[in-house]
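The values are calculated or read from the model by the stated rules, or taken from the named source; none is laboratory data. In this text the structure is predicted, and so the values were computed from the model without any measurement. Please note: Cβ atoms are built from the backbone with ideal geometry, for glycine as well, and neighbour counts cover all protein chains shown. These accessible areas exclude ligands, DNA and RNA; they are computed on the full protein's heavy atoms, side chains included. Shrake-Rupley method; radii C 1.70, N 1.55, O 1.52, S 1.80 Å.
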Amino acid sequence: VRISYPRADGVFRLSGANRYEAAVSISKAHFEVGVKTLYIASGEVLTDALSGAAVAGRAGAPLLLVAKDHLPSVVRAEIHRLQPERIVVLGGPATVNDDVFNILTTWGAPVTRFSGADRYETSVAIAKANYQPGVPVAFIASGKVFPDALSAAPVAGKVGGPVLLVPGDAIPTTTAAELRRLAPQRIVVLGGTSTIDAATETALAGFTTGAVERWSGADRYEVSALTSRQSFPSG
């Protein structure tokens, strides 16, 4: 695990030998002992962490990655340091299996799982557990192409809106039902029509009384830059 402290220009790096160590570096740099909630997501299948990162950001909680069938030693050590009051596993046994779930219970904190039959239902389960009707915004991201949701997760955490996943050419039944429950004041579609098509964008207008916006660009880099411009002031 490595935390490189700021250089004279204010740039620093949070890193590790792998994704698990990098997640621990991020946690160590930002969270003290006794966190209220700790989120656990797969480091192998990233979709559940896309929706979960928004929730973790909103709650001011760390998110650590694990392998499907084991808990890396560096992650064990960080859980021990954090001493969470509760632990939430994102995703079903196909991504974080029951052996890992049972190991997490040994810290003495209650452990719950937000999951569904697939990545789309899991994103709905995460939203249902964390958001009440009338959210200011719902972010719609591809469940197949991940970069747009990565850039938007901090924004979703900041403004208190869920990230819901769609396959790109349809709105799953469970997602539609959750959008009706949430009744968002507006909807933001993340990415261009190659990731979420125009027909899906049009259909989303039926789930909000406000605008449906699309944040897009020529590539993932332009989408991330636009997401920043739309969400953060200078300084």
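Computed values, structure above
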{"quantity": "Answer label, with Cα extents along the principal axes in Å calculated from the coordinates and candidates (i) 47, 45, 28; (ii) 63, 51, 32; (iii) 64, 43, 34", "calculated": "(i)"}
{"quantity": "FRET efficiency for V33 and K158, using Cβ-Cβ distance with R0 set to 25 Å, rounded to 0.05", "calculated": "0.50"}
{"quantity": "Partner aspartates and glutamates for K128 [C-alpha distance under 13 Å; skip if fewer than 8 residues away on the same chain]", "calculated": "E178"}
{"quantity": "Neighbourhood net charge (9 Å Cβ-Cβ; Lys/Arg +1, Asp/Glu -1) for I196", "calculated": "-3"}
{"quantity": "Loop trypsin sites (Lys or Arg not before Pro), segment 113-161 (other Cβ atoms within 10 Å of the site Cβ: 14 or fewer; DSSP)", "calculated": "K144"}
{"quantity": "Long-range amide H partners of R214 with built H, under 5 Å", "calculated": "V189"}
{"quantity": "For segment 24-34, Karplus couplings with θ = phi - 60° (6.51, -1.76, 1.60), whole Hz, Gly/Pro x", "calculated": "5, 4, 4, 5, 4, 6, 10, 10, 9, 4, x"}
{"quantity": "Accessible surface, 1.4 Å probe, highest first, among residues D69, D148", "calculated": "D69, D148"}
{"quantity": "Partner lysines for K28 [C-alpha distance under 20 Å; skip if fewer than 8 residues away on the same chain]", "calculated": "K36"}
{"quantity": "Cβ-Cβ FRET estimate between K128 and R19, R0 fixed at 25 Å, reported to 0.05", "calculated": "0.35"}
{"quantity": "R0 of 25 Å, Cβ-Cβ distance E85-V45: FRET efficiency to nearest 0.05", "calculated": "0.40"}
{"quantity": "Percent of beta bridges antiparallel (DSSP, the chain, rounded to nearest 5)", "calculated": "10 percent"}
{"quantity": "Summed residue charge, Cβ within 10 Å of L50's Cβ, Lys/Arg positive, Asp/Glu negative", "calculated": "-1"}
{"quantity": "With every protein chain in place, segment 119-184: carbon and sulfur % of accessible area (1.4 Å)", "calculated": "58 percent"}
{"quantity": "Gap separating the Cα centres of segment 163-233 and segment 27-75, nearest whole Å", "calculated": "25 Å"}
{"quantity": "Highest-MSF residue in the chain out of F101, F146, F31 [GNM, Cα springs under 10 Å]", "calculated": "F31"}
{"quantity": "Net charge, L165 excluded, C-beta distance under 10 Å - Lys, Arg +1, Asp, Glu -1", "calculated": "-1"}
{"quantity": "Shape category assigned to segment 150-191 from the gyration tensor of Cα positions, a/c cut at 1.5", "calculated": "oblate"}
{"quantity": "Whole-Hz couplings from phi, Karplus 6.51/-1.76/1.60, listed for segment 227-234; x for Gly and Pro", "calculated": "4, 5, 4, 6, 10, 10, x, 4"}
{"quantity": "For segment 155-171, 3J(HN,Hα) per residue [Karplus equation, 6.51 cos²θ - 1.76 cosθ + 1.60, θ = phi - 60°, Hz, x = Gly/Pro]", "calculated": "5, 4, x, 5, 9, x, x, x, 10, 10, 9, 9, x, x, 10, 6, 10"}
{"quantity": "Set of aspartates and glutamates near K144 by C-alpha distance (under 17 Å), chain-local residues within fewer than 8 positions excluded", "calculated": "E44, D48, D118, E121, D169, D197, E201, D219"}
{"quantity": "Computed helical MRE - 222 nm, the chain, DSSP H runs ≥ 4 contributing -39500 (n - 2.57), nearest 500", "calculated": "-12000 deg cm²/dmol"}
{"quantity": "With at most 15 other Cβ atoms within 10 Å, longest stretch of the chain clear of loop GluC sites (Glu not before Pro) (DSSP)", "calculated": "86-235"}
